[in-house]
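Colleague: Can you read through this structure? Questions will come right after.
The values are calculated or read from the model by the stated rules, or taken from the named source; none is laboratory data. A quick note: this is a predicted structure, and the numbers were derived from the prediction, not measured. As a convention, Cβ positions derive from the backbone with ideal geometry for all residues, glycine included, and neighbour counts pool all protein chains shown.
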Amino acid sequence: MQIKLTVNGKPEVLQTDDPEMPLLYALRDQLGLHGMHFGCGLGQCGACTVHYDGEPLRSCVMPISAVAGAKIVTLEGLGTPERPHPLQQAFIDEQAAQCGYCINGMIMQAAGLLATQKHPTEDQVRQALAANLCKCGTHVRILRAVMRVASQTA
């Protein structure tokens, strides 16, 4: 079975014998994109978050058969090492990553929020990120990074 979709602005064709295979596996194994991680496998931790047609989505629970024709953006699609997305740069500047496992989900969820709400309050950012698990406790730095970008957005 072939699944055609757009990933990070590029047309892609995913191959599978299992239409229920999680999108996460296809992105990592077939396309070599490793920004998103396998965390819980239940869509509860956020480590696997990607954007699906502009909305944050937990890729570990989305079968690839359900994303045919979709536009998917991964962490790698937000920016490059040479030109990071403002959120990626803010996370670097605020040293928001400790172990780094949750950072993909935090950035992708925050990018989704900022795409729809340019100047969220601190409480709105906290609420948007609440379902993303972070074991290291860098929540304060993560919040500062997101608020930094929110305050710079015109």
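Colleague: Scan region 25-47 residue by residue and report those that are in a helix (DSSP H, G or I) and either in contact with a strand residue (DSSP E or B) (Cβ under 9 Å, 6 or more places away or on another chain) or not aromatic (Phe, Trp, Tyr) (or both).
Modeller: Within region 25-47, ALA26, LEU27, ARG28, ASP29, GLN30 meet the criteria.
Colleague: Let me ask something else. Tell me, which residue of region 67-102 that is of a type in the set (S, T, N, Q) and not in a loop (DSSP other than H, G, I, E, B) is surrounded by the fewest Cβ atoms within 10 Å (Cβ to Cβ)?
Modeller: Selected residue: GLN89.
Colleague: May I pose another question? If you go through region 50-109, how many residues are charged (D, E, K, R), closer than 25 Å to ASP18 by Cβ and without any contact (Cβ under 8 Å) to a residue 40 or more places away in the chain?
Modeller: Adding up the residues that qualify gives 2.
Colleague: So which of VAL50, VAL61 is crowded, with 23+ Cβ neighbours inside 10 Å and outside any helix (DSSP H, G or I)?
Modeller: VAL50
Colleague: Of the numbered conditions (1) of a type in the set (Gly, Ala, Ser); (2) farther than 19 Å from ILE142 by Cβ; (3) touching a Lys or Arg at 6+ places or on another chain (Cβ under 8 Å), ALA96 fails exactly one; give the number of that condition.
Modeller: The failed condition is (2).
Colleague: Just to be sure I understand, how many residues within region 109-143 are assigned to a helix (DSSP H, G or I) and of a type outside the set (Val, Ile, Thr)?
Modeller: Start the filter on region 109-143 by keeping residues that are assigned to a helix (DSSP H, G or I), which leaves 109-116, 122-129, 139-143.
Among the residues that remain, those that are also of a type outside the set (Val, Ile, Thr) are: 109-115, 122-124, 126-129, 139, 141, 143.
Within region 109-143, residues that are assigned to a helix (DSSP H, G or I) and of a type outside the set (Val, Ile, Thr) number 17.
Colleague: What are the pairs with Cβ atoms under 6 angstrom where one residue, in region 3-17, is under 17 Å from HIS51 (Cα atoms) and the other, located anywhere, is among the basic types (Lys, Arg) and in a strand (DSSP E or B)? Sequence gap at least six, or different chains.
Modeller: Between residues of region 3-17 that are under 17 Å from HIS51 (Cα atoms) and residues that are among the basic types (Lys, Arg) and in a strand (DSSP E or B), the close pairs are THR6/LYS71.
Quick grid of which residues meet (1) assigned by TED's automatic domain parsing to the domain that holds ILE107; (2) modelled with pLDDT under 95; (3) more than 11 Å from the chain's Cα centre (by Cα):
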| site | (1), (2), (3) |
| --- | --- |
| GLU12 | no, no, yes |
| GLU20 | no, no, yes |
| GLY39 | no, yes, yes |
| CYS48 | no, no, no |
| HIS51 | no, no, no |
| CYS60 | no, no, yes |
| PRO63 | no, no, yes |
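Colleague: Tell me which residues, restricted to region 103-145, are farther than 20 Å from ARG58 by Cα, of a type in the set (A, V, I, L, M, F, W, C) and crowded, with 22+ Cβ neighbours inside 10 Å.
Modeller: Of everything in region 103-145, just one residue is farther than 20 Å from ARG58 by Cα, of a type in the set (A, V, I, L, M, F, W, C) and crowded, with 22+ Cβ neighbours inside 10 Å, namely ALA145.
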